[in-house]
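A quick write-up on the structure given underneath.
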Amino acid sequence: MITEQLVREKVLKHLEGTSHFLVDVAVRPGKLVVEVDDAKAITINDLASLNRAVREDLGTAADDLEVEFSSPGAGRPFKVEQQYRKHLGRLVDVQLLDGRTLRGELTSYGDGTLGMRIEHPAKVKGRPAKLDPEVTFIPLDQVQHTKATIKFN
């Protein structure tokens, strides 16, 4: 039987020595979904090679499963520390447990906090939003989730 732990071990074995990192593994009835990312970028060829290697390791047990390897989507919440590190210096949306959402530039991550320069809307319509010059530190235990923000000009 294929378990999340078994797949996680196989994937991590093949990621050793690369800049790729495992984000998530989900085993559902008839389907296996693996999310892998990279500090810079991961290609379809990288994902296809990893898919073949892990399928080979799993052997005939994987024959009855639909196996999907992908990178996490841009609007998906961060799940691992490497995703925070990848997005340092970029805009993120942070959903707090109290229901507030903060948008700003992610400046740091670690020691139980994340640091960001919070974005404030412009007071004059048509002008760009302004980032605080000071960094605000938010305890991770107050964060529900964090997502990358895509901004179109």
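The values are calculated or read from the model by the stated rules, or taken from the named source; none is laboratory data. Here the structure is a predicted model, which means the values were calculated and not measured. All Cβ positions, glycine included, derive from the backbone under ideal geometry; neighbour counts span all protein chains shown.
General observations
- Single residue of region 118-150 satisfying the filter (in a loop (DSSP other than H, G, I, E, B) and among the hydrophobic types (A, V, I, L, M, F, W, C)) that is surrounded by the fewest Cβ atoms within 10 Å (Cβ to Cβ): 124
- Candidate set: region 25-41, residues that are in contact with a Leu (Cβ under 9 Å, 6 or more places away or on another chain), more than 16 Å from residue 78 (Cα to Cα) and aliphatic (A, V, I, L, M); chosen: the one surrounded by the most Cβ atoms within 10 Å (Cβ to Cβ): 32
- Residue 108 surrounded by 11 or more Cβ atoms within 10 Å (Cβ to Cβ) and over 30 Å from residue 143 (Cα atoms): no
- Members of region 21-37 found to be out of contact with any Phe, Trp or Tyr (no Cβ under 7 Å at 6 or more places or on another chain) and either at pLDDT 95 or above or among the hydrophobic types (A, V, I, L, M, F, W, C) (or both), listed by number: 21, 22, 23, 24, 25, 26, 27, 32, 33, 35
- Considering residues of region 56-82 that are under 23 Å from the mean Cα position of the chain (by Cα) and more than 30 Å from residue 95 (Cβ to Cβ) only, the residue surrounded by the most Cβ atoms within 10 Å (Cβ to Cβ): 67
- Elements of type strands (runs of 3 or more DSSP E) contained in region 11-108, each with 2 or more residues being touching an Asp or Glu at 6+ places or on another chain (Cβ under 6 Å) and touching a residue at least 24 places away in the same chain (Cβ under 8 Å): 20-28, 31-38
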